[in-house]
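Structure first, then comments.
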Amino acid sequence: MNQTGLQHPTNQAQMQHPMNWARLQHPTNQVRVQHPASWAQAQHPTIRTWEGDPSGEQRPELEAVSGKAKSEYRNYTQGRLLDRVYSTYALMHTHQTVEFVRRKHAEYGPCRLRKMSVMEALELLDNLVDESDPDVDFPNSYHAYQTAEGIRQAHPDRDWFHLAGLLHDLGKVLALFGEPQWAVVGDTFPVGCKVQPSVVFSDSTFRDNPDTGDPLYSTECGMYQPGCGLENVLMSWGHDEYMYKVMKFNNFSLPKEAFYMIRFHSFYPWHTHGDYMHLCSEEDLRMLPWVKELNKFDLYTKQEALPDVQQLRGYYQSLIDKYCPGQLCW
Ligand SMILES: [Fe+2]
Ligand SMILES: [Fe+2]
């Protein structure tokens, strides 16, 4: 794994400590509080230490594994990475249209781009930093293991869920196949209907999207029927739907919950903010708790202390061999 430029001096010590996963189980602190100490850390991640942050010891709201309060994740109003994040969403919200998404389904649906194993795809993510993510500035392969290990700690008997955590962002290899990041990463939203307020930066980034002037696409239900089910909704194109297609095409032997979680894990306006419920079926509502459960680990295991991938690879290879072995079509 290429770790060039990633090793902050303080992180050497952090990597030796087991993660405090129990903290993930605590109820979220809903109130956003700005602490000078944590603000400084957000600006200068190199000064953050695992045990050396007194604010993490003393304040109960600092509960996620990084020593960062849950309320400090997904901050779209300020932060060191905000300009990069905003630019990615501005492009996404300008260019993701019904026509664009249909074209991408046709292009990637047949999975005829290349053949590679899951592990090879994962290693490709060593080369990808997600430009839509305000909380992460290291390659996505580490995030895959962080998510999977968090799930493994909380759900030791569900090995398929551990694997789902490892796989959930694998569709981001699209960015290494030549797709711009705005067509790969970030939160998703339905195209072909009115944009709901919880979509990130929705008040300023859709002005140049041709679909917003379409009389059908700009209504509440747009081109859909109420209750039609998310499986019948065209989501903005990205790594969720692509990975779902790869899993289907290659007949992954995972439970349907895994397919569903991966397909909709970036649909924050729905699973976190409760928008777009008018499009949902009963099946979507049955699956929602699973999506939320994955999200807990997807989001709150993000931390600068990077996992020891060499040590973990054997376990995850055994899950790959069990559920999605060999060379796959991408
Ligand atoms: Fe993702
Ligand atoms: Fe993720």
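Of S318, W270, Y300, which is farthest on the positive side of the dipole of region 270-330, counting Cα position, with +1 on Lys and Arg Cβ, -1 on Asp and Glu Cβ, and the Cα centre as origin?
Ranked along the dipole, the leading option is S318.
Can you run phi through the Karplus equation (6.51, -1.76, 1.60; θ = phi - 60°) for region 207-223 and list ³J(HN,Hα) in whole Hz, with x for Gly and Pro?
Those phi angles translate into 4, 9, 7, x, 5, 5, x, 7, x, 7, 5, 9, 8, 3, 8, x, 7 Hz.
Apply the Karplus parameterisation 6.51 cos²θ - 1.76 cosθ + 1.60, with θ equal to phi minus 60°, to every residue of region 267-275 and state each ³J(HN,Hα) to the nearest whole Hz, in sequence, with x for glycine and proline.
8, 4, x, 8, 6, 9, 10, x, 7
In debye, nearest 20, what is the charge dipole magnitude of region 148-225 about its Cα centre with +1 on Lys and Arg Cβ and -1 on Asp and Glu Cβ, if you could check?
That gives region 148-225 a dipole magnitude of about 80 debye.
With all protein chains present and a 1.4 Å probe, how do R112, R102 order by accessible area, largest first?
R112, R102
Residue-wise, which Karplus ³J(HN,Hα) couplings in Hz belong to region 89-103, taking 6.51 cos²θ - 1.76 cosθ + 1.60, θ = phi - 60°, and x for glycine or proline?
Whole-Hz 3J(HN,Hα) from phi for region 89-103: 5, 4, 5, 4, 6, 7, 9, 7, 10, 4, 5, 4, 5, 4, 5.
What distance in nm separates the simple spin-label points at E283 and D321, each placed 7 Å from Cα in the Cβ direction?
Placing both labels 7 Å along Cα→Cβ, they lie 3.4 nm apart.
Whole number in Å², please: accessible area per residue of region 99-248, 1.4 Å probe, ligands, DNA and RNA not counted.
Here the residues of region 99-248 average 37 Å² of exposed surface.
Taking the highest mean first, how do the peptides 162-172, 204-214 order by number of other beta carbon atoms within 10 angstrom per residue?
Result, highest mean first: 162-172, 204-214.
Starting from the Cα of K322, draw a straight line to each of the lysines and keep only those under 17 Å, dropping any in the same chain fewer than 8 residues away.
Qualifying lysines at Cα under 17 Å: K248, K256.
Rounded to a whole number, what % of the accessible area of region 188-330 do carbon and sulfur atoms account for, probe 1.4 Å?
Carbon and sulfur: 51 percent of the exposed surface of region 188-330.
The values are calculated or read from the model by the stated rules, or taken from the named source; none is laboratory data. Just so it is clear, the structure is predicted and the values come from calculations on it, not from any experiment. Here Cβ is always computed from backbone atoms with ideal geometry, including for glycine, and neighbour counts include all displayed protein chains. SASA here: full protein model, heavy atoms, side chains in, ligands and nucleic acids out. Shrake-Rupley method; radii C 1.70, N 1.55, O 1.52, S 1.80 Å.
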